[in-house]
Amino acid sequence: MLLKTPYVMPRSRTRRWRVLLALVVGTVLVAPGALAQADQRKLVTAAAVTFSSFLSEPKATWLRQNIGRARAVMIAPEITKASIIVGGSAGRAVAVVRDPQSGLWAGPAFYTLATASIGLQAGVGVSEVVTLVMTEKGVGKLLADSFRMGGDVAIAVGPLEAGAQSHFVADLVSFSRGQGVYLGANLDGTVVSTADDWNELYYGRRVQVADILVRRDVQNKQASELLNLITTAARNSADVRGGKP
C-alpha cells in the first residue's frame, strides 16, 4: 500500500498567499468606512462645483459683492421635483458658518430639504440653490433640528445685478438655477432638517450640528476645497466693499 506524501506548499507561494490574505482582510476592514463616506463626499464636491459656477456667472454680481456679509452659506447642488408628490421637491444640502471673530469658515454640516411647492418653472426637474444666511437668527435656525423657510425665518429671492438693494430685510437670500437658467425660485415653505446620519458618516462619529459649525470639534480634510472657495469669495467681497462688514 502506497502512502501519499502530503503536499507542502513552497515557502515562496506561502508568503504570497499570506500577503494576498492580508490585503483582502485589510480591504474588508477599510472599505466599509471609505464607502460609507462616498455619498457625503460626492455632495460636498458637488457643492463646491455649484458654488464656483454661481460665482463665475457674469450676472451674479450681487452674490459676489455680498458673500462677505453672509454669516453662513447653504448649498444644495440638486433639488429634484418629485412626480409622486404634486408640486413637491426634495434634495440635500451642506452648510458652512463663518466665525464672526476670526472670519474662519467651519463645516460642512448636512441637511435635507423638502417642500410641497418650490415654485420652479414648468418642465424643470432639477435645480441648484445657493442660500446666503445673512443674520444670526438664520444661523441659529441652522443649529435646530429643523426649520421652515419663510415661516421660522424670512427669505428673499436673491437679485443678480449689482444695482440691487444691498441690505434685505430677510434672514436668508436664495439664488436658484435650473438647466443653466436662473429661476428666482420661491423657497417659502421649504423645511430644512439636519441629516444626523450623514453627519455621523462623514465625520466618523456621532455629532451635533453645533459640534461642527460652532464648537468646531470635528473636521474633514475633504471639505477643504469648498471652505477655501467660500473663504476666497468672502475675502474678495470684503475687498470690493473696502473691508466693510
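The values are calculated or read from the model by the stated rules, or taken from the named source; none is laboratory data. Please read these numbers as outputs of a predicted model, since none were measured by experiment. Ideal geometry is used to build each Cβ from the backbone, glycine not excepted, and the neighbour counts take in all protein chains shown.
See the values below:
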item: Segment 61-78, residues that are of a type outside the set (D, E, K, R), touching a helix residue (DSSP H, G or I) at 6+ places or on another chain (Cβ under 7 Å) and either farther than 14 Å from G158 by Cβ or surrounded by fewer than 22 Cβ atoms within 10 Å (Cβ to Cβ) (or both); result: Q65, G68, A72, P77
item: Criterion: modelled with pLDDT under 95 and under 30 Å from W105 (Cβ atoms) - qualifying residue of S12, S83, S53; result: S53
item: Close pairs (7 angstrom Cβ cut-off, 6 or more residues apart or separate chains): farther than 16 Å from T80 by Cα in segment 181-210, at pLDDT below 95 and assigned to a helix (DSSP H, G or I) anywhere; result: L201/A36
item: Residue satisfying all of: in segment 196-238; more than 15 Å from P100 (Cα to Cα) and among the β-branched types (V, I, T); surrounded by the fewest Cβ atoms within 10 Å (Cβ to Cβ) among these; result: T232
item: Per-region count, segment 92-127, residues more than 20 Å from A234 (Cα to Cα), touching an Asp or Glu at 6+ places or on another chain (Cβ under 8 Å) and at pLDDT 90 or above; result: 1
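Matching residues to (1) closer than 13 Å to P108 by Cβ; (2) in contact with an Asp or Glu (Cβ under 8 Å, 6 or more places away or on another chain); (3) modelled with pLDDT under 80:
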{"residue": "G163", "(1), (2), (3)": "no, no, yes"}
{"residue": "S174", "(1), (2), (3)": "no, no, no"}
{"residue": "V181", "(1), (2), (3)": "no, no, yes"}
{"residue": "G184", "(1), (2), (3)": "no, no, yes"}
{"residue": "Y203", "(1), (2), (3)": "yes, no, no"}
{"residue": "D217", "(1), (2), (3)": "no, yes, no"}
{"residue": "L226", "(1), (2), (3)": "yes, no, no"}
{"residue": "L229", "(1), (2), (3)": "yes, no, no"}
{"residue": "S237", "(1), (2), (3)": "no, no, no"}
